[in-house]
Amino acid sequence: MRFSAVAFACLFALIGTACSPTADLDGTSGRLVRTSDLTLVQITEDSVGGITPETAYGSKSIESALPGFTTEGIQTAVENNTEWALAAFNSDGFQVLQVFKGNNGKIRTVHGVTHHLQGPNGERIGMTFSEVGTARSNCRVGKNLWRGMAICKSRGHPNVQLVYAIPGYQGPFDQLPPSKDLFDAEMQRILWTPKS
């Protein structure tokens, strides 16, 4: 059986990146890049891109706050259950944010879910606990669907949390992982809650 050049290229890519259209390669070694210098959305204490505490929950208002983005309803895991949310996609179709509905038609929280965004201290999805410099004392252990994860406050920004996971972690799940394991934990999400 002969492989065409395209089939061989996809097979090679499959081994390295699972043929994911969202994978970023470093251009020289073919390795997957954990973080990025491209910032599609900046998360600050006061906003996520153009989303502020005054932004109404709804496709039109979120798309207006994020020019060039589109939204689509998704079901996704939060710490204690799965919920419906609006996912925000950039013009290339990458999911960047998940927006959750709060009371009175406002936004309850926004989850940043791609390495193409930046937290208030320069944090990026894919960075390790040690790279960010997160203090263990600013963390708590995740529960239920996020068990074994560390949920930490962003330094100096009490309404922004960083969610870290340890690939292959086997517990115990009722406490933070040991420091040696937490050191290499990778950031999975950045959570922003509007200040009240």
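Kindly provide the trypsin sites (Lys or Arg not before Pro) of region 114-168 that DSSP labels as loop, not H, G, I, E or B, and whose Cβ sees at most 14 other Cβ atoms within 10 Å.
K143, R147
Which length gain, in nm to one decimal place, applies between E72 and F183 when the Cα-Cα distance is subtracted from 0.36 nm times their residue separation?
Length difference between fully extended and current span is 36.4 nm.
Given 0.36 nm per residue, what is the gain on full extension from K143 to N81 after removing their alpha carbon distance, in nm? Mind dumping the intermediate values first?
Working: separation 62, 0.36 × 62 = 22.32 nm, distance 1.03 nm.
That works out to 21.3 nm of additional length.
Grab the beta carbon distance between S64 and D92, set R0 = 22 Å, and tell me the FRET efficiency rounded to 0.05.
On the way: r = 20 Å, r/R0 = 0.89.
Between S64 and D92 the formula returns 0.65.
Say R0 is 35 Å: what FRET efficiency, to the nearest 0.05, do T39 and Q175 get from their beta-carbon distance? Please list the in-between numbers first.
Working: r = 34 Å, r/R0 = 0.99.
For T39 and Q175, the calculated efficiency is 0.50.
So for region 90-130, averaging the separation of alpha carbon pairs under 8 Å that are six or more residues apart and normalising by length, what relative contact order in percent results?
28 percent.
Just the accessible area per residue of region 85-196, please: how many Å² with a 1.4 Å probe?
With all protein chains present, region 85-196 gives 46 Å² per residue.
Of the accessible area of region 63-162, with the probe set at 1.4 angstrom, what percent is carbon plus sulfur?
46 percent
The values are calculated or read from the model by the stated rules, or taken from the named source; none is laboratory data. Computed from a predicted structure; not experimentally measured. Cβ coordinates were reconstructed from backbone atoms using ideal geometry, including for glycine residues, and neighbour counts include every protein chain displayed. Calculation scope for accessible area: heavy atoms of the full protein, side chains included, ligands and nucleic acids excluded. Shrake-Rupley method; radii C 1.70, N 1.55, O 1.52, S 1.80 Å.
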